[in-house]
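Every read-out reported here was derived from the displayed coordinates using simple, explicitly stated rules and does not represent laboratory data. Everything quoted here is computed from the prediction, not taken from an experiment. All Cβ positions, glycine included, derive from the backbone under ideal geometry; neighbour counts span all protein chains shown.
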Amino acid sequence: MTWEAVIGIEVHVELSTESKMFCSCEVSFGAEPNTKVCPTCLGLPGALPVPNEKALDSIMAIGLALNCKVAPNSVFHRKNYFYADLPKNYQISQFDVPVCLDGYLDTTVDGETHRVGIERAHMEEDTGKSTHVGEGGRIHAASSTLLDFNRSGVPLVEIVSRPDIHSAAQARSYAQALRGVVAELGVSDARLEEGSIRFDANISIRPEGDDELGTKVEVKNMNSFRSLEQAVDYEIKRQIDLVESGGTVIQETRHWDEEAGVTHSMRTKEGSSDYRYFAEPDLVPMEMGREWVDRIAATLPELPEQRLERYRSAGLEDTLAAVLSGADSPLRGLYEDAVESGADARAAANWVTGEVTAWARRNETETQDLAISGSQLAGLLALIDDGKVSASAAKDVLDGVLLGEGDPAEVAESRDLIQISDSAAIDAVVDEVLQTNPDAVESLRNGEDKVLGFLVGQVMRATRGKADPQLVNATIRERVGSG
Amino acid sequence: MPVEIDIAHVARLARLGLSEQELDHYRRQLGVILEHAARVQELEGEPSVDVTHPLGMVNAFREDLPGDSLDRDELLAQAPETRDGYFVAPPALEG
């Protein structure tokens, strides 16, 4: 039998607000444990939550970027469950009236557009952070749990996809595209390794062609795109093997074990009704009026998929467009400014993603500290176009500009890199070389074309590489009469 | 109108270890509450007020401004067990 995997992805995005979701404790990654906590985020009796307006702005921006509708009215609910990192024994979350509903995200998989539906995006608070200590830090062998509540109450947006994903590669591509959107919006640090964006996958299998969904398993703890892809791949195979050998998939949460490359059962998942959701009585309802939605919509930046499309229509081939679109914002800005100053789009994109990026890496310079303007890059490309500097000398010019030696033309001058295209100057050097190499000239006259390279080399040496090689080539042929 | 209650399940969700006698006791008490709720639900028509949010207020937010947090030493002094600035709890997974 052929099986089809059906995958939905839940993404948790920690917002990078200054303060927490329901209290004014500072949001701060890496602070000393339990130093950013107060009665509200510790769940002490009597403490009252007050929602952070900025967090609502951010979730609306995320929703709009994912083509969602923003609900006109929304409320918070309590999700009740017991876990040591949840001090109130409930999480303030949303249930049947989330802030954002019904959107989609387009991604590109193997050159084809793949659309993933977004069921909802809702606002909630993060839990504390537990560290399991004991045998090697592994959760199954832990002997006790250390708790840090600095993260408790950090605003968290949960984005739930529809089960439109059918392979590990699609899962990865969706996750990467979503991270790109969130990073572009600037509402989160969106760092997988720090857990500020986290991906859980709901995976089930069914016989191909069936409409009914199989029992789903939730897989957690993937902290890179690679491990997400591996975990999804592993879990699909595990379920197929299980069912084909007569077993039954049970609804549960499984933990991805990066080292072993397998998933382990973590706990039997509680059904939705077990969470006993009810409307949070400490918070009043929210109304997201047209004016608020419009204000947020007006702040949305250009998103990665839109940018890619714009680069393609500017004439960049797919790979170059993708590389540039994924580049740091200062590099993209440099490209935009250079094109604005009249540079050819492809040449500018090639230099920005090639030589400029390589220079930054070589010199361990942050891209925002690169000391070159768009008009300087355009000027450099014009020098190459006009034949004033050779493509290889242009790299030296770039180095000079980036080191603050001046504009490209000044650097080319001061570093003595101007290509000699003046035919009188080249004629003189060619004549000298021909005179000192009569044997080679004789061979060339007799049709031995391979000595041409030698003679061109001699001229280039005499001019320290500054002569225009094509001009030298033509001049020699003309003088020797071998052309 | 008696309401069916899986009291053992409810106790498990609340992480309460109850004896048979206690289970029976709470099943009866919770039953009375749920029967009352069922009677309320039989009423026809929509309630005239929002029963979950009766204040009639919306959009009570705060500005995103960070403030002071608690003193850690004082905080941790309230906990039964701490280590290196952390609260210590029993292992997170159930057997």
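Here are the numbers for the structure shown:
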read-out	value
Pair A:ALA183, A:ALA169: separation of 7 Å Cα→Cβ label points (nm)	2.2 nm
Per-residue Cβ neighbour rank within 10 angstrom, fewest leading, A:CYS23, A:CYS100	A:CYS23, A:CYS100
Contact order normalised by residue count of region A:1-95, Cα under 8 Å, 6+ apart, percent	20 percent
Student exercise, chain A dipole from Lys, Arg, Asp, Glu Cβ charges, in Debye to nearest 20	900 debye
Local net charge near A:SER74, Cβ-Cβ under 13 Å (Lys/Arg +1, Asp/Glu -1)	-2
With Cα atoms, 0 to 90° folded angle of helix B:20-41 axis to chain B main axis	70 degrees
Full-stretch length increase - B:LEU16, B:GLU44 - with 0.36 nm per residue and alpha-carbon distance subtracted	6.4 nm
Cβ-derived FRET efficiency at R0 41 Å, A:GLU442 paired with A:LEU403, nearest 0.05	0.30
Cβ-placed point charges (K, R +1; D, E -1), dipole of chain B about Cα centre in debye, nearest 20	240 debye
Per-residue mean of C-beta atoms belonging to partner chains within 10 Å, peptide A:32-39	5
Trypsin sites (Lys or Arg not before Pro) within chain B: DSSP coil, no more than 11 neighbouring Cβ in 10 Å	B:ARG15
Counted charge near A:GLU442, where neighbours are those whose Cβ lies closer than 14 Å (Asp, Glu -1; Lys, Arg +1)	0
Calculated FRET efficiency for the pair A:SER329/A:GLU413, C-beta based, R₀ 35 Å, to 0.05	0.60
Given charges at Cβ of Lys, Arg, Asp, Glu: the protein assembly as shown dipole, positive-most of A:HIS77, A:ILE203, A:ASN446	A:ILE203
Cut-off 9 Å between beta-carbons: net charge of the residues surrounding A:ALA201, Lys and Arg +1, Asp and Glu -1	-3
Over chain A: helical MRE at 222 nm, DSSP H runs n ≥ 4 each giving -39500 (n - 2.57), nearest 500	-11500 deg cm²/dmol
Centre separation in Å (Cα based) which lies between region A:159-213 and region A:358-394	38 Å
Distance between region A:253-331 and region A:14-92 - C-alpha centres, whole angstrom	17 Å
Sites matching GluC sites (Glu not before Pro) across region A:185-226 that sit in DSSP coil, with at most 13 neighbouring C-beta atoms within 10 Å	A:GLU193, A:GLU194, A:GLU208, A:GLU212
Distance in nm between pseudo-label sites at A:VAL293 and B:HIS36 (7 Å out along the Cβ direction from Cα)	4.1 nm
Neighbour-count ranking [beta-carbon atoms within 10 angstrom, fewest first] of B:LEU43, A:LEU320	B:LEU43, A:LEU320
Estimated translational D of region A:423-480 in µm²/s (Stokes, Kirkwood radius over Cα pairs; 37 °C; 0.692 mPa s)	298 µm²/s
Dipole of chain A, positive end: most advanced residue of A:GLN230, A:VAL430, A:PRO330 [Cβ charges, Cα centre]	A:GLN230
Peptide B:80-89, shielding by other chains (average Cβ, 10 Å cutoff)	6
Packing-based exposure ordering (other Cβ within 10 Å, fewest first) of A:SER375, A:SER188	A:SER375, A:SER188
Out-of-range pairs (alpha-carbon distance over 18 Å; input A:LYS54/A:LYS129; A:LYS388/A:LYS466; A:LYS20/A:LYS129)	A:LYS54/A:LYS129
A:ASP102 paired with B:VAL51, simple spin-label distance in nm, labels 7 Å along Cα-to-beta-carbon	2.8 nm
Shielding of A:277-288 by partner chains, average beta-carbon count, 10 Å	3
Free-standing Cys residues across chain A, given no other cysteine C-beta under 4.7 angstrom	A:CYS23, A:CYS25, A:CYS38, A:CYS41
DSSP-assigned coil residues among chymotrypsin sites (Phe, Trp or Tyr not before Pro) in region A:1-100, each with at most 12 further Cβ atoms within 10 Å	A:PHE82
Within chain B, longest stretch free of exposed GluC sites (Glu not before Pro) [DSSP loop, at most 16 other beta carbons within 10 Å]	B:5-41
